[in-house]
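**Q** Once you've had a glance at the structure underneath, I'll fire off some questions.
The values are calculated or read from the model by the stated rules, or taken from the named source; none is laboratory data. Please read these numbers as outputs of a predicted model, since none were measured by experiment. For neighbour counting, all protein chains shown are included, and Cβ atoms are generated from backbone atoms with ideal geometry for every residue, glycine included.
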Amino acid sequence: MLTGMVVLISMGGCVADPKTEVEDQKSPTAAILGQMAEQEEAWNRGDLEAFMLPYWKSDSLLFIGSRGPSYGWDTTLANYKKGYPTAEAMGTLTFDVSQLDVLSNDVALVVGAWHLGERGGLEDLSGWFSLVWRQFDGHWVIVRDHSS
């Protein structure tokens, strides 16, 4: 479950796009937090492809983890599959968002903590993340992920 207090510094306007009518009715904060809640649900049912849906499907996606930077949506998915080969190893994910700043009409920064528990006898894992979200064609996507 997405938990924590969200601090909103500023809110940019939503860009209208008929293809994303439901998302347009949400503030950027609600749209981003909604996608993060869907990510938790996807992870917790062992569905990495659905977990990856909010990520920018581009070779320019940047993910920075404990092994340094990597680029691309396909590479990021492959790394998740290698690191979490089974639903049991994935465990249960929770995000705790501590800050969500809408920096402009099409850029937002999210900072928070993540926790993986219930990993079938494996050690719980936790850390921090910062996510840069961009809005393209009325849809918010993660373009930069720094998780440690």
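**Q** Please identify the pairs in which a residue from the range 135-148 that is farther than 25 Å from Leu125 by Cα has its Cβ atom under 6 Å from the Cβ atom of a residue that is of a type in the set (Ser, Thr, Tyr) and not in a strand (DSSP E or B), counting only partners at least 6 apart or on another chain.
**A** Matching pairs, first to second residue: Gly138/Thr20; His139/Thr20.
**Q** Do we find a residue being under 27 Å from Pro28 (Cβ atoms) and either assigned to a strand (DSSP E or B) or touching a Pro at 6+ places or on another chain (Cβ under 9 Å) (or both) anywhere in the range 74-93?
**A** yes
**Q** Still on this structure, I have one more. So, Leu100, is that one aliphatic (A, V, I, L, M), more than 15 Å from Met36 (Cβ to Cβ) and surrounded by 15 or more Cβ atoms within 10 Å (Cβ to Cβ) or not?
**A** Spelling it out, it is not the case that Leu100 is aliphatic (A, V, I, L, M), more than 15 Å from Met36 (Cβ to Cβ) and surrounded by 15 or more Cβ atoms within 10 Å (Cβ to Cβ).
**Q** Something else: Does the range 29-49 include one or more residues that are within 19 Å of the chain's Cα centre (by Cα), more than 29 Å from Glu88 (Cα to Cα), modelled with pLDDT of 50 or more and among the β-branched types (Val, Ile, Thr)?
**A** Yes, because at least one residue in the range 29-49 is within 19 Å of the chain's Cα centre (by Cα), more than 29 Å from Glu88 (Cα to Cα), modelled with pLDDT of 50 or more and among the β-branched types (Val, Ile, Thr).
**Q** Inspect the range 107-124 for any residue being basic (Lys, Arg) and either in a strand (DSSP E or B) or under 14 Å from Ile142 (Cα atoms) (or both) and give the result as yes or no.
**A** yes
**Q** If you don't mind, another one. Considering (1) over 17 Å from Ala42 (Cβ atoms); (2) polar (S, T, N, Q); (3) in contact (Cβ under 8 Å) with a residue 24 or more places away in the chain; (4) in contact with a helix residue (DSSP H, G or I) (Cβ under 9 Å, 6 or more places away or on another chain), say which one Ser70 fails and leave the rest.
**A** Unmet for Ser70, out of (1) over 17 Å from Ala42 (Cβ atoms); (2) polar (S, T, N, Q); (3) in contact (Cβ under 8 Å) with a residue 24 or more places away in the chain; (4) in contact with a helix residue (DSSP H, G or I) (Cβ under 9 Å, 6 or more places away or on another chain): (3).
**Q** Oh, and also: Determine whether the range 71-80 contains at least one residue that is within 17 Å of Ala108 (Cβ to Cβ) and either modelled with pLDDT of 95 or more or surrounded by 15 or more Cβ atoms within 10 Å (Cβ to Cβ) (or both).
**A** no
**Q** State yes or no: is Leu109 at pLDDT 95 or above and farther than 24 Å from Ser126 by Cα?
**A** no
**Q** If the requirement is being surrounded by 15 or more Cβ atoms within 10 Å (Cβ to Cβ), more than 14 Å from Gln135 (Cβ to Cβ) and modelled with pLDDT under 60, which of these qualifies: Val22, Val15, Val6?
**A** Within the list Val22, Val15, Val6, the selection yields Val6.
**Q** Here's another thing I want to ask about it. Any idea which of Gln99, Gln135 is of a type outside the set (A, V, I, L, M, F, W, C), at negative phi, modelled with pLDDT of 95 or more and in contact with a strand residue (DSSP E or B) (Cβ under 7 Å, 6 or more places away or on another chain)? Give the steps one after another, and end with the answer.
**A** On the way: Gln135 fails: in contact with a strand residue (DSSP E or B) (Cβ under 7 Å, 6 or more places away or on another chain).
From the options Gln99, Gln135, the qualifying one is Gln99.
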